[in-house]
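The next block holds one structure in the form of C-alpha cells; read it before the comments.
The values are calculated or read from the model by the stated rules, or taken from the named source; none is laboratory data. Treat the numbers as computed from the prediction; the structure is a model and nothing was measured. FYI the Cβ positions are ideal-geometry reconstructions off the backbone, even for glycines, and counts take in every protein chain you see. Heads up: the accessible areas ignore ligands, DNA and RNA and are worked out on the full protein's heavy atoms, side chains in. Shrake-Rupley method; radii C 1.70, N 1.55, O 1.52, S 1.80 Å.
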Amino acid sequence: MTAETENVTVEVNRGLLKELEDMGFSMAQAAWSLHHSGNSSLEAAVNWIIDHENDLQFENMPLVEFNIEIESPNPSDDTTETTQARAKELMEQARKRREEEETKREREKERIRAGKEMMETKRIAEENERKRNIALRNAEKDEEKKAREKIMQKVNGDKLERKRRLGLPTETESASTSTQVAPLDTNVHKILRSVMSPPSKAEEMRECLRSLRRNHKDEDPRIIRRAFETLLMIVRNVAKKPDEEKYRRIRLTNRLFQERVGRFKEGIKFMKLCGFKRDQGSEFLSLSTHDADILRLQDAAFQLNTAITNPFFGLLSKEGEDCEQ
C-alpha cells in the first residue's frame, strides 16, 4: 500500500481510538485502522492492523478529527490489564484467520499445480501411444507390401519357368521381374526401437505370434485365428479392468483355454510376455497388479489385432525359428 500524506484528515471514534491506544498500538496505527475499517468495531480495526502491519502508511500521522456522530454510545470502562488481554486475544484470532486463509491459498495452488502436472503426464502418454501406433502401422504396411512383392516374385518366377519349358524368350520379363521385386529401403525395426517402451517387448510379442502361425501352418487356419482371438479377449479384459482378479488369473486346466491357447507353447509364451507368471506347482497363470502394465497390454492387443486382420502376417518370417517357452 502506498503511504498517504500527513495532510489527510480522518474521522475516528474517540472511544475506539483510546481502546486501541490502551492495547499498545500507536496513535497513527489506531487512527488509520479506524479510518479504513469504517469505525465499525474494535475487532475490525485490530484485524486491519494485523493484515497491514508492514505498511509504510503507519509512519505518517494523519490529522484526526473526532466526529460526535460516530462517538461510542457506551464507552468502555475496562482496566488496562483487561484491555491488553482483549487486544492479545483479538490479535491472536486475526493471525489464526490469516494463517487459515494462507493455508487455503497454498492448498489451492498445490491443487492447480498437481492438476497441470497430471494433464501434462496424460498428454505425453497419449503422444507416445500415438507415435507407437503410427510406427506399428507403418511396420505392418511395409510387411504387407513385402509379402505381396514376394508373392508376385513367385508368380513371375512360375511364368518364366513355364516359358523356359516352352522355349520362349524370357530376358525382358526377367528384367521386369527383378525391377518389381526390388527390396524396400526401409528400416522398420529402428523406427520401432526408437518409440516403443520397452523397445524389445512388442518385437518379442510379434515374433512369438509369427512363430505360432508358422510352426502350426498345417493346422486349420481357423484354429490359429481362434487362438489369436482368445488371447486378444484375455488381454483386453485385463487392460479394461486391471483391478478385477478374475481377469488376471487363468486356470491352465480349463478345457476351453487348453483347447484354444494352452496346447500351443507359443500361446503360453505370449501370455508371459504380457506379464503373466506361473508359480511353481500352481495350475494358474497369474498377472499381479504390479506387473499389469497397461501400455504393454495395449501393445499386445495391437499385435494380436494385426495377426488377426493381416492375411500376410508371418509370411516373411524365417523358417525354423521357434518361440521358446
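Out of the stretch 136-151, which residues are under 17 Å from GLN303 (Cα atoms) and either of a type in the set (Ser, Thr, Tyr) or at pLDDT 85 or above (or both)? Within the stretch 136-151, just ASN138 meets the criteria. Here is the figure for the stretch 235-276: residues that are under 27 Å from LYS217 (Cα atoms), out of contact with any Gly (no Cβ under 8 Å at 6 or more places or on another chain), aliphatic (A, V, I, L, M) and in contact (Cβ under 8 Å) with a residue 40 or more places away in the chain total 3. Within the stretch 21-37, residues that are assigned to a loop (DSSP other than H, G, I, E, B) reach partners that are among the β-branched types (Val, Ile, Thr) with beta carbons closer than 8 Å, at six or more positions or on different chains, in the pairs MET23/VAL46; MET23/THR83; PHE25/ILE49.
Within this structure, VAL155 fails the test of being of a type in the set (A, V, I, L, M), within 26 Å of ALA307 (Cβ to Cβ) and modelled with pLDDT under 60.
Can you list the helices (runs of 4 or more DSSP H) found entirely within the stretch 171-241 that contain at least 2 residues being modelled with pLDDT of 50 or more, out of contact with any strand residue (DSSP E or B) (no Cβ under 9 Å at 6 or more places or on another chain) and within 22 Å of GLU127 (Cα to Cα)? Working first, answer last.
Details: elements: 171-180, 188-195, 201-215, 221-240.
Filter on the stretch 171-241 gives 188-195, 201-215, 221-240.
For first residues located in the stretch 121-142 and without any contact (Cβ under 8 Å) to a residue 12 or more places away in the chain and closer than 19 Å to LYS201 by Cβ, partners that are hydroxyl-bearing (Ser, Thr, Tyr) and surrounded by 12 or more Cβ atoms within 10 Å (Cβ to Cβ) and lie 6+ apart or on another chain with Cβ distances below 6 Å do not occur. Applying a threshold of 6 Å to beta carbon distances and a minimum spacing of six or more residues, or different chains, the list of pairs starting in the stretch 91-110 at a residue that is within 21 Å of LEU42 (Cβ to Cβ) and ending at one that is open to solvent by 80 Å² or more (accessible area, probe 1.4 Å) and at pLDDT 80 or above is empty.
You will find that of PHE257, PHE228, PHE270, the residue that is among the aromatic types (Phe, Trp, Tyr) and more than 20 Å from GLU140 (Cα to Cα) is PHE257 and no other.
Results for (1) open to solvent by 30 Å² or more (accessible area, probe 1.4 Å); (2) modelled with pLDDT under 80, shown as yes or no for each residue.
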{"residue": "LEU16", "(1), (2)": "no, no"}
{"residue": "ALA28", "(1), (2)": "no, yes"}
{"residue": "SER33", "(1), (2)": "no, no"}
{"residue": "HIS36", "(1), (2)": "yes, no"}
{"residue": "ASP51", "(1), (2)": "yes, yes"}
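The conditions of being closer than 23 Å to ALA147 by Cα, surrounded by 19 or more Cβ atoms within 10 Å (Cβ to Cβ) and of a type in the set (Phe, Trp, Tyr) are met by PHE228.
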